[in-house]
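Participant: Below is the structure I would like to discuss, written out as structure tokens.
The values are calculated or read from the model by the stated rules, or taken from the named source; none is laboratory data. The structure displayed is predicted, hence computed values, not measured ones. Virtual Cβ from ideal backbone geometry, glycine too; neighbours counted across all protein chains shown. SASA here: full protein model, heavy atoms, side chains in, ligands and nucleic acids out. Shrake-Rupley method; radii C 1.70, N 1.55, O 1.52, S 1.80 Å.
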Amino acid sequence: MTKHLRYLISVFIVVFFCLTTVGQDRINSQQLNYEISQSDSIALTNLPELKADIFKLKTDLPDHLDNSIQPYFRDLFEQQASECGQYAAISFNLTYELAYRRNVSAMIPDNQFPTHYAYNFMNGGNGWHGVNYFHSYEIARTNGHPNVVDYGGLATGGPSRWLSGYEKYYNGMFNKVENVYQIRVDTPEGLLMFKNWLFNHLEGDAVGGLGTYYSSSPWNPVLLPAGTPEGGKHVITNYIGPAGHSVTVTGWNDSIRWDYNNDGQYTNDIDINGDGEVTMKDWEIGGLLFMDSFIGGLGWADSAYCYAMYKTLAEKPIDGGIWNQAVHIVKVKEDYAPKLTMKVKLNHTSRNKIKVLAGVAGDPESLSPEKTLGFPIFDYQGGNQFMQGGNTIPENKIIEFGLDITPLLGEIESGEDARFFLQVHEDDPQNQGTGEIEYFSVISYSNAINEFIHPASNVPLFENAVTTLGLVTNFNFNQLHLTTSGLPVGIIDEPYSHQMQVYGGTPPYEWNLIRHYEIEYSTGSMPSIDEAKLFPSDTVLGIAMQAIDFPFPFYGKEFDTLYIHTEGFIMFDNQDYPWPYLFDEHLMIKKLEMIAPYLNSKIVLDTLNGDGVWFEGDENSAAFRWRCTSVSPVMSDINFAVVLFPSGKIEYYYGNDDMFVDHMWASGISSGDDINYHYANPDENKVTFNPSLFPEEMSLSSDGLFTGTPLNKYSATPIEFLVTDYNTIAVRKTLPFNSWYEDVEEWESELNSSFQVYPNPFSDQIKMDFELKHKTHVSLRLYNLQGQEVISFLDQKLQQGDHHFNFDLGQTAQPPLNEGVYFCTLKTDQSVVSKKLVLMNND
């Protein structure tokens, strides 16, 4: 180990300790200026932006509004430690939205949500650091959130406790997030949209919602000038420091004002910052109203309320603004009910060594799941403690919990036997913990309540391996069916539109297209990429920009400029991430458009030890190589590389197996939409991603309208459609897409003459003539306008020369064909030719 590396590691440990150590009682305010974790901040960046028709937004809004007076806004309480994200987003925002949608009072504990249920899964085990509210929303989205009554209070048991009791988890499954959105508020249009959300939920409701945002902690409120609206009340005119604290927005006031340039007047139409244009950065009038009882408790500012000038919404944090210039809002599922759950009783002495998955296989004889379902809880979390927290009370080794596995219903048939699986992964190379599965069952709530109990109990966990238990069940449920059986044939250069069809399940439905990459694991030599050394902005959390010599296609987009991150991933835009730690690398890949050969927050560039990032490229490829150092575990000479090709192919290379000793890293590629992503699990030193053919001209709306204008010829190109219902049950179907020229003669390489089909229109008899240049396999098929094959005339190898065929549809077509338009396709080993035909039945 080099002297420089030892120094680097010692500095890292000191900095990490300073960032994460928090006292349990009264806490110095300076200790609590926590920064957003890198993974969570990136996930927030890629939240979907809330869309609305700007012309339908109300512009005649009142001068001021405060939703804290609504019965859906709970009573204030004092934050205990660093759970600001859960305070703002869960205890206030989630409580408010569910109470509003259910029309119940938020002043009743049954309708309130605690801070520490979600906070304790990701705070390091003892409240060592803050937890971003996006991860907490993700818990509520996938498995629900218990209320204050079931949790036993807001923060009962402190920052280490995990909730135990199946019924409490089950009750929480009814309290789910549908989605989290961001609204950019750095423009008047974006601010207007957010104010409409506050006013009427953007839906014309009688009551509006709340919002949250991240900024530095509001240490520095000042008083609004006497004689101005709300004079004497507190306001933040600019934030100081990095974004690491969250607040709850309850309303606005368009009349408050602050004289930023000290010219004795208050304006929104003068260029006060001298940048040559008038934007919200120049506004001196108006602001949001937020609530925060963090500093000084309920006595802070105006009894925990304060204004923030609109100007702060437009500025970056370094200039006194809020994080990402965005406010985040949540939509909830007010009447969700789980259809299928898993009940588990688990015993383990070191909870951060285990990960719990649910799975299913349609084949009841299967020994492993065909589909697995992971959760943002019980995922290598909570420190080296017993399952319920601490290390002293023996009873805390055992935890009973429930998982909402309703999405797995999309993988099986109603009324048919299927095998459900519980998998517990243990990663404990130091053998710090041991445990067993005491109980496992699957419970159906689709009709009557039925519990299927696994016959084995107290099953010891395999050390540093996967323990799998399977259970065969059979029950009826309202199955979701994607009923579209085929796609109409597209005509090249002509607009195309087809509505996908679905029934069953629980509407509303959400549609998506799935893009595929074939993943291949193999052995390959690490490429010697050393032509040009890149110079990232920092050796830790640094970024280097690099142009490449071809447009690289990636999930339907093309990029010729890449942003190389020192932590082992490539992005496609210049976003800066100054946050010091990662919580969930796999979540980061799902949420971010990226190429990640070795995403690892623990690697740095020790430049004195020869570390760096290098690039080589031309019009045929673009290659990048990292040489890094890991600070935990301590490891040097970490080598890995990425090679990109104009076809969209991606190759990863790894220098040695020692890189894979820690599960706290991730590898994969992603479009950033939480649906189209591919994880890699390298067991050899080369991974190849090959993109499948996809008609890029085509798109699918969220309500299932498949549209576009085909520009190329596609012959049975597979397209996978995904539809998800309200209960998060999803089904997939792959359909062939064909697009052909209309009334254009095609001369193909294997044909000496044109492909003739006659008569046209035709009725009972049809003839086909063509001449082959050489021996080849030939298929002749008839398709309807939905792209469905209705007749296979021929499917065999033919000799070189002329070929003439006569077919009698009275004998070939069963049942008889309806009148209409069809396409007859001749396909050889290398050619496809199609003819448009009209069938007219004889009366």
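Participant: Suppose we keep only residues that are closer than 24 Å to Y496 by Cβ and hydrophobic (A, V, I, L, M, F, W, C) within segment 756-785. Which one would you say is least open to solvent (accessible area, probe 1.4 Å)?
Facilitator: L782
Participant: Moving to a separate point now. Might you check whether a residue that is open to solvent by 40 Å² or more (accessible area, probe 1.4 Å) and modelled with pLDDT under 70 occurs anywhere in segment 34-43?
Facilitator: So far as segment 34-43 goes, yes, one or more of its residues are open to solvent by 40 Å² or more (accessible area, probe 1.4 Å) and modelled with pLDDT under 70.
Participant: Checking G204 against (1) over 18 Å from F92 (Cβ atoms); (2) under 27 Å from the mean Cα position of the chain (by Cα); (3) open to solvent by 10 Å² or more (accessible area, probe 1.4 Å); (4) not hydrophobic (A, V, I, L, M, F, W, C), which single condition isn't satisfied?
Facilitator: Unmet condition: (2).
Participant: So Y137 fits all but one of (1) crowded, with 24+ Cβ neighbours inside 10 Å; (2) part of a loop (DSSP other than H, G, I, E, B); what number is the exception?
Facilitator: (2) is the only condition that Y137 fails.
Participant: List pairs: first residue in segment 58-80 and open to solvent by 50 Å² or more (accessible area, probe 1.4 Å), second residue assigned to a helix (DSSP H, G or I) and modelled with pLDDT under 95 anywhere in the structure, Cβ distance under 7 angstrom, at least six positions apart or on different chains.
Facilitator: These pairs meet every condition: E78/G297; E78/L298.
Participant: Of everything in segment 491-531, what is β-branched (V, I, T) and surrounded by 16 or more Cβ atoms within 10 Å (Cβ to Cβ)? Give them in sequence order.
Facilitator: Those that are β-branched (V, I, T) and surrounded by 16 or more Cβ atoms within 10 Å (Cβ to Cβ): I491, I492, V502, T506, I519, I529.
Participant: Something else about it: So how many residues does segment 522-544 have that are modelled with pLDDT of 95 or more and within 25 Å of the chain's Cα centre (by Cα)?
Facilitator: Selection size over segment 522-544: 0.
Participant: Evaluate the following for E436: is it open to solvent by 10 Å² or more (accessible area, probe 1.4 Å) and either free of Cβ contacts under 8 Å to residues at least 60 places away in the same chain or assigned to a strand (DSSP E or B) (or both)?
Facilitator: yes
Participant: Let me ask something else. Take F199 and tell me if it is under 16 Å from N67 (Cα atoms), modelled with pLDDT of 95 or more and open to solvent by 50 Å² or more (accessible area, probe 1.4 Å).
Facilitator: Yes; evaluated as a whole, the condition is true for this residue.
Participant: Are any of the residues in segment 216-230 open to solvent by less than 50 Å² (accessible area, probe 1.4 Å), under 30 Å from L98 (Cα atoms), in contact with a helix residue (DSSP H, G or I) (Cβ under 8 Å, 6 or more places away or on another chain) and small (G, A, S)?
Facilitator: Checked against the condition, which is being open to solvent by less than 50 Å² (accessible area, probe 1.4 Å), under 30 Å from L98 (Cα atoms), in contact with a helix residue (DSSP H, G or I) (Cβ under 8 Å, 6 or more places away or on another chain) and small (G, A, S), segment 216-230 yields at least one hit.
Participant: Filter segment 370-425 for residues that are polar (S, T, N, Q) and touching a residue at least 60 places away in the same chain (Cβ under 8 Å); which is most open to solvent (accessible area, probe 1.4 Å)?
Facilitator: N384
Participant: Within 28 Å of R732 (Cα to Cα), part of a loop (DSSP other than H, G, I, E, B) and of a type in the set (S, T, Y): is that true of S441 in this structure?
Facilitator: no
Participant: Additional query: Consider Q430 carefully, then state whether it is crowded, with 18+ Cβ neighbours inside 10 Å and either out of contact with any helix residue (DSSP H, G or I) (no Cβ under 7 Å at 6 or more places or on another chain) or more than 30 Å from M664 (Cα to Cα) (or both).
Facilitator: The answer is no for Q430.
Participant: OK, next. Report whether or not T688 is of a type in the set (S, T, Y), without any contact (Cβ under 8 Å) to a residue 40 or more places away in the chain, open to solvent by less than 40 Å² (accessible area, probe 1.4 Å) and farther than 30 Å from D335 by Cα.
Facilitator: The answer is no for T688.
Participant: Restricting attention to segment 564-582, does a residue exist that is at pLDDT below 95, under 17 Å from F640 (Cβ atoms), among the polar types (S, T, N, Q) and not in a strand (DSSP E or B)?
Facilitator: Yes.
Participant: So which of Y170, Y166, Y181 ends up being touching a Lys or Arg at 6+ places or on another chain (Cβ under 8 Å), open to solvent by 30 Å² or more (accessible area, probe 1.4 Å) and aromatic (F, W, Y)?
Facilitator: Going through Y170, Y166, Y181 in turn, the sole match is Y181.
Participant: Which of the residues belonging to segment 704-723 are open to solvent by 20 Å² or more (accessible area, probe 1.4 Å) and hydrophobic (A, V, I, L, M, F, W, C)?
Facilitator: L705, L711, A716
Table: residues versus (1) over 21 Å from M173 (Cβ atoms); (2) part of a helix (DSSP H, G or I); (3) modelled with pLDDT under 95.
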| residue | (1), (2), (3) |
| --- | --- |
| F55 | yes, yes, yes |
| T59 | yes, no, yes |
| Y72 | yes, no, no |
| D75 | yes, no, no |
| E78 | yes, no, yes |
| F92 | yes, yes, no |
| R101 | no, yes, no |
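Participant: Could you run through segment 107-133 and say how many residues are within 24 Å of the chain's Cα centre (by Cα), part of a helix (DSSP H, G or I) and surrounded by fewer than 24 Cβ atoms within 10 Å (Cβ to Cβ)?
Facilitator: Total meeting the criteria: 1.
Participant: For segment 494-540, give me each residue that is under 23 Å from S667 (Cα atoms) and outside any loop (DSSP other than H, G, I, E, B).
Facilitator: Residues satisfying the conditions are L513, I514, Y517, E518, I519, E520, Y521, S522, L534.
Participant: Please find, among E494, E463, E451, the residue that is under 21 Å from P407 (Cβ atoms), touching a residue at least 24 places away in the same chain (Cβ under 8 Å) and over 31 Å from the mean Cα position of the chain (by Cα).
Facilitator: Matching residue, one of E494, E463, E451: E451.
Participant: For segment 605-622, what are the residues that are assigned to a strand (DSSP E or B) and open to solvent by 10 Å² or more (accessible area, probe 1.4 Å)?
Facilitator: Of everything in segment 605-622, those that are assigned to a strand (DSSP E or B) and open to solvent by 10 Å² or more (accessible area, probe 1.4 Å) turn out to be W614, F615, E616, G617, D618, S621.
Participant: Give the residues of segment 772-813 that are among the charged types (D, E, K, R), modelled with pLDDT under 90 and more than 52 Å from the chain's Cα centre (by Cα), sorted by residue number.
Facilitator: D808
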